[in-house]
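The values are calculated or read from the model by the stated rules, or taken from the named source; none is laboratory data. All values derive from a computational prediction rather than experimental measurement. Neighbour counts are summed over all protein chains in view; Cβ atoms, including those assigned to glycine, are modelled from backbone coordinates with ideal geometry.
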Amino acid sequence: MATITTELVDTGAKRDGRGRRLATAIERAALLLAYRRSGLTQRAFAEREGIKYCTFTSWVQGRRQVREPGAKARFAEVAMAVPGPVAGLSIHWPDGVVIRGANAGEVVELVRALRG
C-alpha cells in the first residue's frame, strides 16, 4: 500500500466559507492591468493566472475603466454653435458619453475634435 504525504501551505490570504481564496481590490486591479497589457484573451489570461474564467470576466466587466498608474484623464473644451434647438441627432459612446446636435456636419466635427 502506498503512502500519500500532503502539505498545507497557508499564504495568509483570506478565504470564504468554502475555502476559496479571496482577492483584494488591489490584487484584482493589478491582475486587470496585467491582463490589459498581456494581449491574451480573457480565457487564456485567467487560465494562466489560475483564476476561474467566469470570476475573471466578472472582474473585467465591473472594472472597464482601470487606468494605468499615474495616467491622467484628458479633457478638451469644444464649442459648437447650433442654430435653434438641439434635437434630432445623437451619438452614444460605449463609455456613456452622449453627443446631441441638429446639424450632422457639426456633430461630426465635434466627434473628430474630441477624438483628436
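With respect to ARG21, determine if the residue is modelled with pLDDT under 80, surrounded by 11 or more Cβ atoms within 10 Å (Cβ to Cβ) and over 14 Å from the mean Cα position of the chain (by Cα).
Judged against the criteria, ARG21 is a match.
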Of the residues VAL9, VAL60, VAL86, which single one is at pLDDT below 70 and surrounded by 12 or more Cβ atoms within 10 Å (Cβ to Cβ)? VAL86
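For residues in segment 46-56 being in a helix (DSSP H, G or I) and in contact (Cβ under 8 Å) with a residue 12 or more places away in the chain, which is surrounded by the fewest Cβ atoms within 10 Å (Cβ to Cβ)?
GLU49
Looking at segment 89-116, which of its residues are surrounded by 13 or more Cβ atoms within 10 Å (Cβ to Cβ), part of a strand (DSSP E or B) and modelled with pLDDT of 75 or more? Explain how you work it out, then say what you get.
Going residue by residue through segment 89-116, those that are surrounded by 13 or more Cβ atoms within 10 Å (Cβ to Cβ) are 89, 91, 99-103, 106-111, 113-114.
Okay, now just the ones that are also part of a strand (DSSP E or B), so 89, 91, 99-101.
Selection gives ILE91, ILE99, ARG100, GLY101.
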